[in-house]
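Participant: I'd like to ask some things about the structure below.
The values are calculated or read from the model by the stated rules, or taken from the named source; none is laboratory data. Since we're looking at a predicted model, the values are computed, not measured. Using ideal geometry, Cβ is built from the backbone for each residue, glycine included, and neighbour counts are taken over all protein chains shown. To get the accessible areas, we keep the full protein, side chains included, count just its heavy atoms, and leave off ligands, DNA and RNA. Shrake-Rupley method; radii C 1.70, N 1.55, O 1.52, S 1.80 Å.
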There are 2 protein chains.
Amino acid sequence: MKGIRQLAEQLDISIGTVSRALNGKPDVNDETRRRVLAAAEELGYVANQSGRSLRQGETKVIGLMIESSAEAVENADNFFLGVISGLQSVFARHKLDLIMLPCPSDEDPHEYLKRMVARRIVDAMIISNTQRIDRRIDLLSRAKIPFVAVGRSVSASNSPWIDLDFEGVADRAVERLIARGHRRIAITAPSSEVNLGYVFLDSYRRALERHDIAFDPSLVIRVRSSEQGGYQAAHELLLLEERPTAVILIYELMAIGLYRRLMESGVIPGRDLAVIGFRDAPRAQFLQPSLSCFRMSLYDLGAALGRMLLANMPAYREVYPDEACNIIWPLELTPGESDAFQVGAMV
Amino acid sequence: MKGIRQLAEQLDISIGTVSRALNGKPDVNDETRRRVLAAAEELGYVANQSGRSLRQGETKVIGLMIESSAEAVENADNFFLGVISGLQSVFARHKLDLIMLPCPSDEDPHEYLKRMVARRIVDAMIISNTQRIDRRIDLLSRAKIPFVAVGRSVSASNSPWIDLDFEGVADRAVERLIARGHRRIAITAPSSEVNLGYVFLDSYRRALERHDIAFDPSLVIRVRSSEQGGYQAAHELLLLEERPTAVILIYELMAIGLYRRLMESGVIPGRDLAVIGFRDAPRAQFLQPSLSCFRMSLYDLGAALGRMLLANMPAYREVYPDEACNIIWPLELTPGESDAFQVGAMV
DNA sequence: ACGCACTCCGTAAACGTTTACGAATGGTGG
DNA sequence: CCACCATTCGTAAACGTTTACGGAGTGCGT
């Protein structure tokens with residue numbers, strides 16, 4: 001099947017009519033339309049995307065840019081795999097397709113995105129792993145490509161983003177720990193480049209101050225957000241002169257490495273050290289003692305993300321009129337055994 | 001920047017010359033070319049992909065079809081994230097871009113692929129999670145789209161594929177365990193639909209027969225290849241009347257759930273039960289006792305996959321003349337503590 | 001002075017769609 | 001019988017690019 005021309009020839013109809021029939025335009029006879037659709041089905045005709053895009057200036061494709069960095073591989077982050085289902089559930093309603101654009105680890109994300117955008121391969125973009133200052137946001141704004149960022153950014157003053165409720169998590173984690181008598185609460189954070197670390201720490205700090213607990217920089221453990229990082233975090237924790245009684249992990253998976261290092265030194269999570277995790281990583285559910293952790297539905301997050309994006313695309317705006325421009329995604333605490341003790345209480 | 005026409009106008013050159021200059025065609029003056037390239041750079045011009053594809057019938061894009069099923073999310077499989085780096089390292093040399101096509105979980109993979117192929121959005125495809133009988137292979141063959149399958153298939157008699165060395169792993173695992181005195185060796189496998197399970201089991205069976213050990217179907221544990229599945233596998237293992245002394249896991253991550261369930265019953269891996277894993281999942285490296293596991297380089301696998309694909313594309317065939325059509329990818333054993341004991345030996 | 005080769009560039013067609021426009025037909029009301 | 005509308009379809013232009021073809025200019029050998 002070469003193209004619409006062949007199909008039209010076969011049916012002895014003009015290509016214009018065939019096109020209209022296939023695209024559900026009004027001015028075509030019902031019988032004719034039936035014949036066209038039947039023939040297209042039989043011959044397996046599907047419109048060539050290049051021709052269509054060229055003509056109407058849109059591709060019906062949404063791009064999701066991800067990074068295949070070594071760290072991402074190490075983390076084996078299922079975040080986007082989960083989010084994608086939610087995204088697709090929304091996109092499918094509008095016959096939009098989602099493709100993932102993995103930025104090569106040796107290419108500058110900004111340059112990569114620039115290339116992809118200029119090629120006009122997608123109508124809109126979702127970018128992730130947003131940095132505090134992220135030139136990709138300016139790029140997309142200037143190019144007038146609808147987009148949504150996963151993760152807030154200072155560049156994104158008035159552009160749409162969705163982000164996890166880091167403040168709420170840090171806040172509630174600190175409150176919960178303090179209520180159980182903890183005073184020395186450690187926290188992990190990634191390098192300050194990444195935006196989420198900043199917000200997370202800030203909220204942690206304010207929560208402490210509310211309870212007149214001085215912020216102690218030595219309790220901020222800067223490690224990678226991976227199991228390896230968790231292992232290292234535990235290591236550094238154990239080296240501290242005045243050992244904390246609790247630790248908040250910015251990434252759930254870190255608990256696996258952390259537990260291991262603690263066990264090696266005979267420190268038992270949930271008895272000698274309270275541990276609270278964050279985000280969603282199914283595999284950490286098998287830890288013992290079970291991890292207290294803030295979790296969420298990746299599917300729902302994806303669906304919200306999809307709606308937000310469509311609300312920013314001229315062609316779909318009216319379908320999603322009241323979509324919020326920014327969302328701080330709430331998380332729910334799944335209580336576990338890892339922080340189920342009072343400080344000073346007899347065991 | 002609208003298009004090549006604007007650029008040509010700006011430079012007061014015809015669009016033909018501009019196109020030739022940008023594409024490195026020979027018949028254009030050096031000075032002219034310099035000017036064109038400079039102007040393109042300055043104005044941020046990049047050729048519209050739709051126009052280009054339409055004209056030359058190719059997109060310079062390779063598609064990698066993945067599945068975002070619930071199981072995939074649960075596994076949080078880093079397999080493709082790792083493989084992608086290797087793929088891109090090869091593709092980058094030919095200015096090819098890789099996009100990932102996530103098949104919605106509620107759509108038939110075959111129909112999805114059909115849609116994507118018909119749209120002519122990619123020049124070639126990599127398909128994964130190949131089933132024993134996989135109609136996608138016929139589809140691609142008939143459509144004459146170059147492709148490589150990750151995972152062998154009976155449909156793919158003479159089409160290119162790459163697969164892990166399941167035979168070798170099962171074989172060596174059994175040999176290793178038998179050498180340490182094991183006679184009752186359990187093995188996990190996914191539902192028989194998936195091709196890899198079939199091959200894995202078959203090799204396991206043959207290895208046993210070589211040592212005159214009768215194949216016992218009750219020792220084949222059919223569970224999902226996830227942590228959850230590992231937990232369940234351990235559970236079923238413990239219920240067996242005559243408990244095996246060793247178990248081979250088809251997926252490394254299962255060890256995490258398996259360990260947990262074993263521990264709950266006071267059964268210690270590496271002392272009461274030997275455990276050997278398979279494939280690459282960095283997070284399982286933190287298990288204690290450490291897991292004996294067959295591993296590989298995802299990057300190298302990706303690079304080989306990329307070369308194999310290019311060797312099957314007319315435009316690049318001559319660059320990779322001696323690329324094998326089928327590869328069984330070898331894995332190396334990383335010895336750990338989980339199988340470091342002799343059956344019957346005093347502890 | 002002429003032919004020839006070579007370099008550089010402009011012209012125009014082609015890729016496969018969609019869609020604005022208008023033509024043809026049939027029906028209806030006056 | 002005419003004017004008018006509705007329905008249905010064909011025609012042709014347009015989207016942005018690449019490329020075959022040929023023309024203009026220059027240099028060189030005869």
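Every residue, every condition in (1) in contact (Cβ under 8 Å) with a residue 60 or more places away in the chain; (2) open to solvent by 40 Å² or more (accessible area, probe 1.4 Å); (3) under 30 Å from residue B:229 (Cβ atoms), yes or no:
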position	(1), (2), (3)
B:3	no, no, no
B:9	no, yes, no
B:15	no, yes, no
B:68	no, no, yes
B:91	yes, no, no
B:95	no, yes, no
B:119	no, no, no
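Participant: Only one residue in A:132, A:180 is open to solvent by 30 Å² or more (accessible area, probe 1.4 Å) and under 27 Å from residue A:300 (Cβ atoms). Which one?
Facilitator: Going through A:132, A:180 in turn, the sole match is A:132.
Participant: Here is a list of conditions, (1) facing chain A (nearest Cβ under 8 Å); (2) on the phi > 0 side of the Ramachandran plot; (3) of a type in the set (D, E, K, R), and residue B:95 meets all of them except one; can you say which number that is?
Facilitator: Among (1) facing chain A (nearest Cβ under 8 Å); (2) on the phi > 0 side of the Ramachandran plot; (3) of a type in the set (D, E, K, R), residue B:95 violates only (1).
Participant: Those residues that are among the small types (Gly, Ala, Ser) and either closer than 30 Å to residue B:271 by Cβ or surrounded by fewer than 20 Cβ atoms within 10 Å (Cβ to Cβ) (or both), I need them from the stretch B:284-303; list them, please.
Facilitator: B:284, B:290, B:292, B:297, B:303
Participant: For the stretch A:132-154: of the residues being small (Gly, Ala, Ser) and either part of a helix (DSSP H, G or I) or in contact with a Pro (Cβ under 8 Å, 6 or more places away or on another chain) (or both), which is farthest from residue A:197 (Cα to Cα)?
Facilitator: That would be A:143.
Participant: Hey, another quick one. May I ask you to verify whether residue B:39 is modelled with pLDDT of 90 or more, more than 12 Å from DNA strand C (Cβ to nearest atom) and facing another protein chain (nearest Cβ under 9 Å)? First the steps, then the outcome.
Facilitator: Numbers: modelled with pLDDT of 90 or more: yes; more than 12 Å from DNA strand C (Cβ to nearest atom): yes; facing another protein chain (nearest Cβ under 9 Å): no.
Answer is no for this residue.
Participant: Can you tell me how many residues in the stretch A:228-256 are in contact with an Asp or Glu (Cβ under 8 Å, 6 or more places away or on another chain) and buried (at least 24 other Cβ atoms within 10 Å of the Cβ)?
Facilitator: Looking only at that region, the number is 5.
Participant: If you don't mind, there's one more thing I want to ask. Quick check on my filter: what residues within the stretch A:24-52 are polar (S, T, N, Q), within 38 Å of the chain's Cα centre (by Cα) and outside any helix (DSSP H, G or I)?
Facilitator: As a first pass, look at the stretch A:24-52 and keep what is polar (S, T, N, Q): A:29, A:32, A:48-50.
Now restrict to residues that are within 38 Å of the chain's Cα centre (by Cα): A:48-50.
The answer is A:48, and nothing else.
Participant: Further, regarding this structure: Does the stretch B:268-283 contain any residue that is part of a helix (DSSP H, G or I), touching a Lys or Arg at 6+ places or on another chain (Cβ under 9 Å) and in contact (Cβ under 8 Å) with a residue 12 or more places away in the chain?
Facilitator: yes
Participant: Taking the condition of being in a strand (DSSP E or B) and within 13 Å of the chain's Cα centre (by Cα), how many residues in the stretch A:306-336 meet it?
Facilitator: Total satisfying the criteria: 3.
Participant: Now for a different question. Can you confirm whether residue B:21 is aliphatic (A, V, I, L, M), within 13 Å of DNA strand C (Cβ to nearest atom) and outside any helix (DSSP H, G or I)?
Facilitator: So residue B:21 does not fit the description; no.
Participant: Take the residues in the stretch A:263-283 that are in contact with a helix residue (DSSP H, G or I) (Cβ under 8 Å, 6 or more places away or on another chain) and at the interface with chain B (Cβ under 9 Å from one of its Cβ atoms), then tell me which one is least open to solvent (accessible area, probe 1.4 Å).
Facilitator: For the stretch A:263-283, the residue satisfying everything is A:283.
Participant: Continuing with this model, one more query. Can you tell me which residue within the stretch B:304-338, out of those that are within 14 Å of another protein chain (Cβ to nearest Cβ) and in contact with a Leu (Cβ under 7 Å, 6 or more places away or on another chain), is most open to solvent (accessible area, probe 1.4 Å)?
Facilitator: Ranking the candidates gives B:336 first.
Participant: Residue under question is residue B:105, and the condition is that it be facing chain A (nearest Cβ under 7 Å), touching a Ser or Thr at 6+ places or on another chain (Cβ under 8 Å) and away from DNA strand C (no atom under 16 Å from the Cβ); does it hold? Step through it out loud before you land on a result.
Facilitator: Values: facing chain A (nearest Cβ under 7 Å): yes; touching a Ser or Thr at 6+ places or on another chain (Cβ under 8 Å): yes; away from DNA strand C (no atom under 16 Å from the Cβ): yes.
Criteria met by residue B:105.
Participant: Does residue B:84 qualify as being more than 10 Å from DNA strand D (Cβ to nearest atom), touching a residue at least 60 places away in the same chain (Cβ under 8 Å) and not in a helix (DSSP H, G or I)? Walk me through how you get there before you give the answer.
Facilitator: Working: more than 10 Å from DNA strand D (Cβ to nearest atom): yes; touching a residue at least 60 places away in the same chain (Cβ under 8 Å): yes; not in a helix (DSSP H, G or I): no.
Answer is no for this residue.
Participant: Moving on to the next point. Based on this model, can you work out whether residue B:61 counts as open to solvent by 40 Å² or more (accessible area, probe 1.4 Å), within 22 Å of residue A:108 (Cα to Cα), under 36 Å from the mean Cα position of the chain (by Cα) and within 14 Å of another protein chain (Cβ to nearest Cβ)?
Facilitator: Working: open to solvent by 40 Å² or more (accessible area, probe 1.4 Å): no; within 22 Å of residue A:108 (Cα to Cα): yes; under 36 Å from the mean Cα position of the chain (by Cα): yes; within 14 Å of another protein chain (Cβ to nearest Cβ): yes.
Against the criterion (open to solvent by 40 Å² or more (accessible area, probe 1.4 Å), within 22 Å of residue A:108 (Cα to Cα), under 36 Å from the mean Cα position of the chain (by Cα) and within 14 Å of another protein chain (Cβ to nearest Cβ)), residue B:61 does not qualify.
Participant: What residue, of B:39, B:21, is of a type in the set (Gly, Ala, Ser) and under 25 Å from residue A:144 (Cβ atoms)?
Facilitator: None of the others qualify; the one that does is B:39.
Participant: Does residue B:53 fit the bill of being touching a strand residue (DSSP E or B) at 6+ places or on another chain (Cβ under 9 Å), within 11 Å of chain A (Cβ to nearest Cβ) and more than 13 Å from DNA strand C (Cβ to nearest atom)?
Facilitator: no
Participant: Moving to a separate point now. Which of the residues spanning the stretch A:284-303 are in contact with a Ser or Thr (Cβ under 7 Å, 6 or more places away or on another chain) and within 12 Å of chain B (Cβ to nearest Cβ)? Explain how you work it out, then say what you get.
Facilitator: So in the stretch A:284-303, the residues in contact with a Ser or Thr (Cβ under 7 Å, 6 or more places away or on another chain) come out as A:289-293, A:295, A:299, A:302-303.
Listed by number, the residues that qualify are A:289, A:290, A:299, A:302.
Participant: Determine if the stretch B:66-78 includes at least one residue that is more than 9 Å from DNA strand C (Cβ to nearest atom), away from chain A (no Cβ under 11 Å) and out of contact with any Asp or Glu (no Cβ under 6 Å at 6 or more places or on another chain).
Facilitator: No - not one qualifying residue is present in the stretch B:66-78.
Participant: Just to be sure, is residue B:54 at pLDDT 90 or above, within 11 Å of DNA strand D (Cβ to nearest atom) and open to solvent by 50 Å² or more (accessible area, probe 1.4 Å)?
Facilitator: Working: at pLDDT 90 or above: yes; within 11 Å of DNA strand D (Cβ to nearest atom): yes; open to solvent by 50 Å² or more (accessible area, probe 1.4 Å): yes.
Answer is yes for this residue.
Participant: I've got another one for you. Of these, B:243, B:279, which one is basic (Lys, Arg) and within 25 Å of residue A:253 (Cβ to Cβ)?
Facilitator: Result: B:279 is the single residue among B:243, B:279 that is basic (Lys, Arg) and within 25 Å of residue A:253 (Cβ to Cβ).
Participant: What residue, among those in the stretch B:284-305 that are hydrophobic (A, V, I, L, M, F, W, C) and part of a loop (DSSP other than H, G, I, E, B), is nearest to the chain's Cα centre (by Cα)?
Facilitator: Across the stretch B:284-305, the extreme among qualifying residues is B:296.
Participant: Quickly run through the stretch A:59-79 and pick out the residues that are in contact with a strand residue (DSSP E or B) (Cβ under 7 Å, 6 or more places away or on another chain) and at pLDDT below 85.
Facilitator: Hit for the stretch A:59-79 is A:68, nothing else.
Participant: Out of the stretch B:21-45, which residues are crowded, with 17+ Cβ neighbours inside 10 Å and near DNA strand D (Cβ under 8 Å from one of its atoms)?
Facilitator: B:22, B:45
Participant: Okay, next question. Given the criterion outside the structural domain of residue B:125 (by TED's automatic domain parsing) and within 22 Å of residue A:98 (Cα to Cα), identify the matching residue among B:54, B:43.
Facilitator: Going through B:54, B:43 in turn, the sole match is B:54.
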